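This report refers to the structure that appears directly beneath it.
The values are calculated or read from the model by the stated rules, or taken from the named source; none is laboratory data. Not measured: the values here are computed from a predicted model. As a convention, Cβ positions derive from the backbone with ideal geometry for all residues, glycine included, and neighbour counts pool all protein chains shown. Surface areas here come from the heavy atoms of the whole protein model, side chains and all, with no ligands, DNA or RNA. Shrake-Rupley method; radii C 1.70, N 1.55, O 1.52, S 1.80 Å.
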Amino acid sequence: EIYTLSLHDALPISISNEQPKKERMKYTIIRNNWYLDNEKELLKAIQKKKCCYIPSGKTKVGWALEKDYAEASANVFTDDDAKMIYEFTGKPRTYKELAETFLNAAGLSCDIVEKEKDEYIENLKKVGLKNDAVNDIESIYDDIMNGGLDYPYHDLKTALGRDITPFDESVQEVLNSK
């Protein structure tokens, strides 16, 4: 069995107790960092309004394309010698690095303005981000700002069997997606 977990997910009940050990059940846990694809609506809103608000602070997120996560997960699924736990993540980067890469890819020039949580969330609404997306960001904001998505990034590359899609190419791909 393979389980994929996000930031808030707890271990499935069958894994968090002694059952797998007793039954000698083979399982793998894959914890994905943050899909760069999740930032699509934010990037499109910035492009449309030509203003770039980011969370204040130096926290990092290990963005990578969802297709890289999916390919790596498929490789793990077919690997008879898979590890028990994988931490899939791209190279951790700051929101400022994301914004600079995006602005460069979009050919835009605007100030990158750091905002505290309440102002940042309010500005997401002002630039036209959908309510569901704003609610998702708000629900995990504190975990992200406290380093919940800043961890080493070797498992994804190893499971892919190749380099992770370069960050600038990934941002361009998200920008060009419909």
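Some observations on this one:
- Screening A70, A45 for residues that are free of Cβ contacts under 8 Å to residues at least 40 places away in the same chain and surrounded by fewer than 22 Cβ atoms within 10 Å (Cβ to Cβ) leaves exactly one candidate, A70.
- Qualifying residue in the stretch 46-65 (condition: aliphatic (A, V, I, L, M), modelled with pLDDT of 90 or more and assigned to a strand (DSSP E or B)): yes
- When L149 is tested against the conditions (1) assigned to a loop (DSSP other than H, G, I, E, B); (2) farther than 15 Å from P55 by Cβ; (3) in contact with a Lys or Arg (Cβ under 8 Å, 6 or more places away or on another chain), the lone failure is (2).
- Flag for D168 being of a type in the set (D, E), open to solvent by 30 Å² or more (accessible area, probe 1.4 Å), closer than 27 Å to T28 by Cα and in contact (Cβ under 8 Å) with a residue 12 or more places away in the chain: no
Residue-by-condition table, conditions (1) of a type outside the set (A, V, I, L, M); (2) within 19 Å of T28 (Cα to Cα); (3) in a helix (DSSP H, G or I):
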site	(1), (2), (3)
K91	yes, no, no
L98	no, no, yes
E114	yes, no, no
V134	no, no, yes
S139	yes, no, yes
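- Residues within the stretch 54-67 that are open to solvent by 60 Å² or more (accessible area, probe 1.4 Å) and farther than 14 Å from S170 by Cβ, tallied: 2
- Here is the figure for the stretch 126-137: residues that are closer than 15 Å to I54 by Cβ and open to solvent by 50 Å² or more (accessible area, probe 1.4 Å) total 1.
- If you go through the stretch 75-133 and keep only what is within 19 Å of G147 (Cα to Cα) and of a type in the set (D, E), you end up with E87, E97, E114, E116, D118.
- Number of the condition not met by I140 [criteria: (1) surrounded by 17 or more Cβ atoms within 10 Å (Cβ to Cβ); (2) in contact with a His (Cβ under 8 Å, 6 or more places away or on another chain)]: (1)
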